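Colleague: Next up is a structure, given as structure tokens.
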Amino acid sequence: MLFIVKYRTVYVFFALVLALMVLSSKLFFSAKAEAKNNVKLDKVAQVNLTEVLLNMGMPLIQAQFNRGSHGVIDWSFLNKITAIKLDPKLILSSQLPPFNAPSKGVFNANAKSTITPSAKPKKEIVAEGKAFNQSADVNTGLNLDDSKPQVLIYHTHTHESFIATAEHRYIPTDSDRSDDPNVNVIRLGKELKGVLNKNGISVLHDTTVHDNPYDGAYERSVLTLKNDLKKYPSIKFAIDLHRDAYGEVMKKGMDQTPDLNKLPNPDFRKKYLLVRGGENYARIMFVIGSRRSSSDKEDWHKNYEFAKKISDKVNQLVPGLSLGIDVKTYASYNQQILENSVLVEVGSNYNTLEEAVASAKVLGEALSDVINSTGR
């Protein structure tokens, strides 16, 4: 008994330590379970790695993330306290070298820049995008009302072009880009418009150049979109037509036709090339931007549903042609303006124009089916 009394203080100390250890382990497993719940995503949206890393290092961002709708960070609260235009990839690229690698294709398009007078949008070929806005482009035999277009086709990256071939030779004005509307994505817009017209759908094809300079292209294209919607309230669907990119194939000033069997990255060509029935197609990717600010009322899930209908129909017409839908949580791609709007990448800089045109025609049939099935 005297032994127990003598060392009572020691026993109490160890009892407290044991209690703290039990309490700490419960808190740890509770926090682990909560963390596991926090990372459960909407089955559609995908949290970008860059945002996850920022959440870990900046609790304030994590708090905003948890309050945001559909798991999208609301960056507006940060914009209010700083003049810097914040972008998760931009922040991490300055701190972590692996994130400083060049971006690929359209996903590098969200870099913002101030619009200078010399960078004002201009119309390609003719003003108001009328070059391909006449139903006479195709002999449909239908009386389409061009004053009330239902579909808007435009190009944020207007000069994106394809691999030059013997039939479609050109000299790039920049890396994998051309200002010739016969070989860049404007040509795809013309093909898409023709199919829609044939199926009784009136189209405005706006050929405004937005990517000269490249930075700030989305700041300019959103103005085009808003102006067209204001001028033509009949527009219910908008397609921002692009092509994807990886590295460089057509170098600036290059006057040679590349050998398709000796391209710098053959695996990327394989990804975007589909052969069906003896014809080559450029595979199609649909891109949805789920980022919304607190002032945006549009629900990005509606854009996703619109894209999925088109993607499913494309694969029904030509199995395997659509690569599906890529959801980007760090961008909106102007889709917050109109629920039936989508960014479509027809092939990449590893495809030929012939392959892209073949796919644009299938895209047109799929889009026509989706639009006509809505009853308009």
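Colleague: Tell me, which strands (runs of 3 or more DSSP E) lie completely within segment 264-376 with 1 or more residues that are polar (S, T, N, Q) and modelled with pLDDT of 95 or more? Walk me through how you get there before you give the answer.
Modeller: Values: elements: 273-276, 279-282, 284-289, 322-328, 341-348.
Correct list: 279-282, 322-328, 341-348.
Yes or no, residue by residue, for (1) surrounded by fewer than 24 Cβ atoms within 10 Å (Cβ to Cβ); (2) in contact with a helix residue (DSSP H, G or I) (Cβ under 9 Å, 6 or more places away or on another chain):
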| site | (1), (2) |
| --- | --- |
| GLY247 | yes, yes |
| LYS251 | yes, no |
| LEU260 | yes, yes |
| LYS271 | yes, no |
| ALA307 | no, no |
| GLN335 | no, yes |
| LEU338 | yes, yes |
| VAL342 | no, yes |
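Colleague: Check LEU241 against each of (1) in a strand (DSSP E or B); (2) over 17 Å from SER332 (Cα atoms) and name the one condition it does not meet.
Modeller: (2)
Colleague: Now for a separate question. Look through VAL195, VAL249 and report the one residue that is β-branched (Val, Ile, Thr), within 23 Å of ALA282 (Cα to Cα), in the same structural domain as THR156 (by TED's automatic domain parsing) and in a loop (DSSP other than H, G, I, E, B).
Modeller: Numbers: VAL195 fails: in a loop (DSSP other than H, G, I, E, B).
Going through VAL195, VAL249 in turn, the sole match is VAL249.
Colleague: Any idea which residue in segment 223-245 is farthest from ARG177 (Cα to Cα), counting only those that are of a type in the set (A, V, I, L, M) and surrounded by fewer than 19 Cβ atoms within 10 Å (Cβ to Cβ)?
Modeller: Going residue by residue through segment 223-245, those that are of a type in the set (A, V, I, L, M) are 223, 225, 229, 235, 238-239, 241, 245.
Subsequent filtering for residues that are surrounded by fewer than 19 Cβ atoms within 10 Å (Cβ to Cβ) retains 223, 229.
Details: LEU223: 23, LEU229: 28 Å.
Checking each candidate, the answer is LEU229.
Colleague: Can you give me the number of residues within segment 142-159 that are within 18 Å of THR374 (Cα to Cα) and among the hydroxyl-bearing types (Ser, Thr, Tyr)?
Modeller: 0
Colleague: Do you know which of the residues in segment 225-270 that are of a type in the set (D, E, K, R) and free of Cβ contacts under 8 Å to residues at least 40 places away in the same chain is nearest to ASN340 (Cα to Cα)?
Modeller: Within segment 225-270, the first condition is being of a type in the set (D, E, K, R), and the residues that meet it are 226, 228, 230-231, 236, 240, 243-244, 248, 251-252, 255, 259, 262, 267, 269-270.
Checking which are free of Cβ contacts under 8 Å to residues at least 40 places away in the same chain leaves us with 230-231, 259, 262, 267, 270.
Working: LYS230: 16, LYS231: 18, ASP259: 39, LYS262: 40, ASP267: 33, LYS270: 31 Å.
Of everything passing the filter in segment 225-270, LYS230 is nearest to ASN340 (Cα to Cα).
Colleague: Now, a different point. Could you please give the count of residues in segment 255-288 that are closer than 30 Å to HIS301 by Cβ, out of contact with any Lys or Arg (no Cβ under 9 Å at 6 or more places or on another chain) and not aliphatic (A, V, I, L, M)?
Modeller: Selection size over segment 255-288: 1.
Colleague: Separate question: Given the conditions (1) farther than 15 Å from GLU191 by Cβ; (2) touching a residue at least 24 places away in the same chain (Cβ under 8 Å), and given that LYS308 satisfies all but one, which numbered condition is not satisfied?
Modeller: With respect to (1) farther than 15 Å from GLU191 by Cβ; (2) touching a residue at least 24 places away in the same chain (Cβ under 8 Å), LYS308 is out only on (2).
The values are calculated or read from the model by the stated rules, or taken from the named source; none is laboratory data. The structure presented is a predicted model; accordingly, all values stated were derived computationally and were not measured. Positions of Cβ are backbone-derived with ideal geometry, glycine not excepted, and every protein chain shown enters the neighbour counts.
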